[in-house]
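Heads up, the thing below is written out as structure tokens.
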Amino acid sequence: MVTVWVALAWVALQRLLELRLAQANLRWALARGGREYGKEHYPLFFLLHIGWMLGWLAEGLARNQLSPFWGFWLALFLLAQGLRYWAIQSLGRYWNTRIIIVPGAKKVTTGPYRYIAHPNYLAVALELFSLPLVFNAWITALVASFLNALLLLFIRIPAEEKALGELAANPEQNA
């Protein structure tokens with residue numbers, strides 16, 4: 001099925017370009033005294049995304065048939081992408097795939113952050129669920145979504161909230 005390979009190439013290219021942007025933003029933040037939090041869990045997300053891509057590729061090729069609802073799932077994926085890029089644009093140089101706190105930075109409350117605390121995480125969760133379903137890869141959609149929820153709810157979001165709490169609690173150290 002050609003469409004699954006095209007989708008994989010598209011998503012892989014996006015993720016690679018985003019990693020490049022994150023690396024540039026990391027250098028920028030560190031040059032301004034930024035500090036990384038939760039470094040030990042970062043590889044888990046990397047493995048999750050690689051497994052997710054390989055999962056829906058394998059499952060999609062094995063089923064060799066788009067979902068009867070592929071249009072709905074694709075639309076949901078594209079809406080999630082819009083939300084994710086709105087979050088990335090709203091954070092600007094502060095966006096990263098890592099948790100980086102820059103001294104003197106203010107918490108972003110514009111764009112989608114005006115309405116929800118973690119719009120990027122919501123967008124990625126929707127992507128992890130919806131794109132595999134385009135290709136009838138429901139096992140990958142469920143497993144990746146479950147693992148992502150565990151990582152976010154029990155590791156990533158608490159680590160990020162703790163880092164932001166330290167920033168708020170010590171403004172004199174962060175100015």
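Filtered by the rule that a residue be under 13 Å from the mean Cα position of the chain (by Cα) and of a type in the set (Gly, Ala, Ser), the range 13-54 gives a lone residue, Ala22. Tallying residues that are closer than 15 Å to Ala58 by Cβ, out of contact with any Pro (no Cβ under 8 Å at 6 or more places or on another chain) and polar (S, T, N, Q) within the range 121-155 yields 1. Pairs are defined by a Cβ separation below 6 Å, a sequence spacing of at least 6 or placement on different chains, a first member in the range 25-43 that is in contact (Cβ under 8 Å) with a residue 40 or more places away in the chain, and a second member that is in a helix (DSSP H, G or I); the pairs so defined are Asn25/Arg93; Trp28/Arg93; Tyr37/Ala159; Tyr37/Ala163; Gly38/Ala159; His41/Ile155.
Among the residues of the range 34-51, is there at least one that is among the small types (Gly, Ala, Ser), farther than 25 Å from Ala163 by Cβ, modelled with pLDDT of 95 or more and surrounded by fewer than 18 Cβ atoms within 10 Å (Cβ to Cβ)? Yes, the range 34-51 contains a residue that is among the small types (Gly, Ala, Ser), farther than 25 Å from Ala163 by Cβ, modelled with pLDDT of 95 or more and surrounded by fewer than 18 Cβ atoms within 10 Å (Cβ to Cβ). Each residue in the range 93-118 was checked for being in contact with a Ser or Thr (Cβ under 7 Å, 6 or more places away or on another chain), in contact (Cβ under 8 Å) with a residue 24 or more places away in the chain and not small (Gly, Ala, Ser), and 2 of them qualify. With respect to being in contact with a Ser or Thr (Cβ under 8 Å, 6 or more places away or on another chain), without any contact (Cβ under 8 Å) to a residue 60 or more places away in the chain and more than 22 Å from Leu8 (Cβ to Cβ), Tyr121 falls outside the description. Scanning the range 124-166 for residues that are at pLDDT below 95 and open to solvent by 30 Å² or more (accessible area, probe 1.4 Å) yields a total of 6. Within the range 59-84, the set of residues being in a helix (DSSP H, G or I) and either at pLDDT below 95 or surrounded by 15 or more Cβ atoms within 10 Å (Cβ to Cβ) (or both) comprises Glu59, Gly60, Arg63, Trp70, Trp73, Leu74, Leu76, Phe77, Ala80, Gln81, Leu83, Arg84.
Only residues that are open to solvent by 50 Å² or more (accessible area, probe 1.4 Å) and at pLDDT 95 or above were counted across the range 85-108, and they come to 6.
The values are calculated or read from the model by the stated rules, or taken from the named source; none is laboratory data. Note that this is a predicted model, so its numbers are computed, not measured. Note that we place each Cβ from the backbone using ideal geometry, even for glycine, and neighbour counts take in every protein chain shown. Calculation scope for accessible area: heavy atoms of the full protein, side chains included, ligands and nucleic acids excluded. Shrake-Rupley method; radii C 1.70, N 1.55, O 1.52, S 1.80 Å.
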